[in-house]
Amino acid sequence: MTQTEPSPPSARQKWMSILARASAEELAVRLAALPPLPAGETLRAPETGLVMVRGRAGGDGDSFNLGEMTVTRCAIRLGAHIGHAYIAGRDLAKARLAALLDAALQDAALHDALMRAVVEPVAAAQQEARALEARKAAATRVDFFTMATMR
Amino acid sequence: MTRLTPGFADPVLDAQASFRAILEAMSRPGRIQRIEAHITPPAPLCSAAGAALLSLADADTPLWLDAGDTVAEWLRFHCGAPITNDIGSARFALACGTAPSLAALDIGTDEDPQLGATLILQVAGLVAGEGWRLTGPGIQHEHRLSVIGAPAGFVAAWAQNQALFPRGVDVLLCAGDSIAALPRSVMIAEG
């Protein structure tokens, strides 16, 4: 089987992953500063299910089932745009909010304001949290070395 | 891009109610049942046919249809059923226009008769108490069913299908929110 090189994530993939990682409170707080979003039509109400996560031993071995994870998904239509959300866990309100935001972000009239007010600050906070964790981990790093035995 | 519309208002309860109505219809061939689900499928699909497919079709049941891209997209989104162009490999076939011949559908095998396809046939109307005379399992004496807009030559094609039992094709007739079923065991005589 030929492996295709993964394409770089599109702008939409990036904001979807940022929204999926954010907490519902965080999104609600950021949204409160903006005029309320138009109400969308629920195509698929938030529903929780299991997704089998698969892995490959060593990156190129046979694929195996690593385990199941809880995923909540939701789809909302806003005008001509359909917003989707697939989030880890069972937070229904967050799935709905993320789907609504995904739909609104595809709307050129709302895109820039939402990127500025919601996606970029949330992304910065996530980046900050990751950097903090990396610094904490780096502070406890032990460098192992092997002394060459000389005879 | 076509506009996707919602499926069942309550996916669990509406699917259960629809499944119950289909079960009743299959157990009492020719008796008309109403599917009381809250659903507005895209045209030209009627609510009974839409509810039946959302209840029955899933990722394991290839689906053949002649209802156009909007309906195909709606069904793919809401039930995840793969859409096939090869009617012989379909588990469910949805006919809104000219009905395909029953012989073109998968009739299963003697070992696995449950693999026979189900044809969901959208017709103009269903009237009980007149028309065809149905006899067979599930019917004490006879059931009368008049199908408005039944395909030409359907009764003759049905006789051939019925003779294949236990193999064969089952038919769900849908009109508006009403359904009636013709399981492969039923015999039809012109009224």
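Brief remarks follow.
- Residue list for region A:14-69, filter: in contact with a strand residue (DSSP E or B) (Cβ under 6 Å, 6 or more places away or on another chain), within 14 Å of chain B (Cβ to nearest Cβ) and among the acidic types (Asp, Glu): A:41
- Some residue of region B:82-92 being within 14 Å of another protein chain (Cβ to nearest Cβ) and either of a type in the set (Ser, Thr, Tyr) or surrounded by 17 or more Cβ atoms within 10 Å (Cβ to Cβ) (or both): no
- Matching residues in region A:77-95 - criterion: being crowded, with 21+ Cβ neighbours inside 10 Å, assigned to a strand (DSSP E or B) and more than 10 Å from chain B (Cβ to nearest Cβ): A:78, A:83, A:85, A:87
- Out of B:97, B:116, one residue alone is in contact with an Asp or Glu (Cβ under 9 Å, 6 or more places away or on another chain) and at pLDDT 90 or above. It is B:116.
- Identity of the residue in region A:29-45, small (Gly, Ala, Ser) and touching a helix residue (DSSP H, G or I) at 6+ places or on another chain (Cβ under 7 Å), that ends up nearest to residue A:128 (Cα to Cα): A:33
- Residue within region B:33-42 that is in contact with a Lys or Arg (Cβ under 8 Å, 6 or more places away or on another chain), within 20 Å of residue B:182 (Cβ to Cβ) and surrounded by 20 or more Cβ atoms within 10 Å (Cβ to Cβ) present: no
- Applying the condition of being in contact (Cβ under 8 Å) with a residue 12 or more places away in the chain and assigned to a loop (DSSP other than H, G, I, E, B) to region B:106-122 and asking which residue is farthest from residue B:50 (Cα to Cα) yields B:110.
- Selection over region B:1-37 of residues that are outside any helix (DSSP H, G or I), more than 14 Å from chain A (Cβ to nearest Cβ) and either over 23 Å from residue A:75 (Cβ atoms) or hydroxyl-bearing (Ser, Thr, Tyr) (or both) gives a count of 9.
The values are calculated or read from the model by the stated rules, or taken from the named source; none is laboratory data. Keep in mind the model is a prediction, meaning the values are calculated, not measured. Here the Cβ is made from the backbone with ideal geometry for all residues, glycine too, and neighbour counts use every protein chain on show.
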